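In what follows, a single structure is set out as structure tokens and then discussed.
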Amino acid sequence: MAERLTSKADAFYMKKHVNALVDRLEHDGFDRGQIGAVLGGIGLGLCCHHNGREETNKIIDGVRAAMDADAAPSN
């Protein structure tokens, strides 16, 4: 995602507003799992529209790999 942002200030600005939205939705009774699922779906839809299916699938594969690495036992 970082390569899509023009600056750290842009990332900070967007993160601040997303966090405020999440706080409002939690206040309205939604949990972070519900909110995350919706935000993830919207994000992937926007990415697919802008970058195409192939690039979106690369992102999904990267997220899947990160989740698998997190779930792997550390010996």
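The values are calculated or read from the model by the stated rules, or taken from the named source; none is laboratory data. Please read these numbers as outputs of a predicted model, since none were measured by experiment. In this analysis, Cβ positions are derived from the backbone assuming ideal geometry, glycine residues included, and neighbour counts consider all displayed protein chains. When the accessible area is computed, the model is the full protein with side chains, heavy atoms only, and any ligands, DNA or RNA have been set aside. Shrake-Rupley method; radii C 1.70, N 1.55, O 1.52, S 1.80 Å.
The single condition from (1) surrounded by fewer than 12 Cβ atoms within 10 Å (Cβ to Cβ); (2) touching a Cys at 6+ places or on another chain (Cβ under 8 Å) that THR6 fails is (2).
Please work out if LEU39 is over 20 Å from ASP61 (Cα atoms) and among the aliphatic types (A, V, I, L, M). Answer is no for this residue.
For the condition out of contact with any Ser or Thr (no Cβ under 7 Å at 6 or more places or on another chain), part of a helix (DSSP H, G or I) and surrounded by 10 or more Cβ atoms within 10 Å (Cβ to Cβ), ALA66 qualifies.
Taken over the range 8-25, the criterion of being of a type in the set (Lys, Arg) and at pLDDT 95 or above is satisfied by LYS16, ARG24.
The residue that is least open to solvent (accessible area, probe 1.4 Å), counting only those in the range 26-54 that are at pLDDT 95 or above and outside any helix (DSSP H, G or I), is GLY29. Among the criteria (1) of a type outside the set (Phe, Trp, Tyr); (2) in contact with a helix residue (DSSP H, G or I) (Cβ under 6 Å, 6 or more places away or on another chain); (3) modelled with pLDDT of 90 or more, the one LEU5 does not fulfil is (3).
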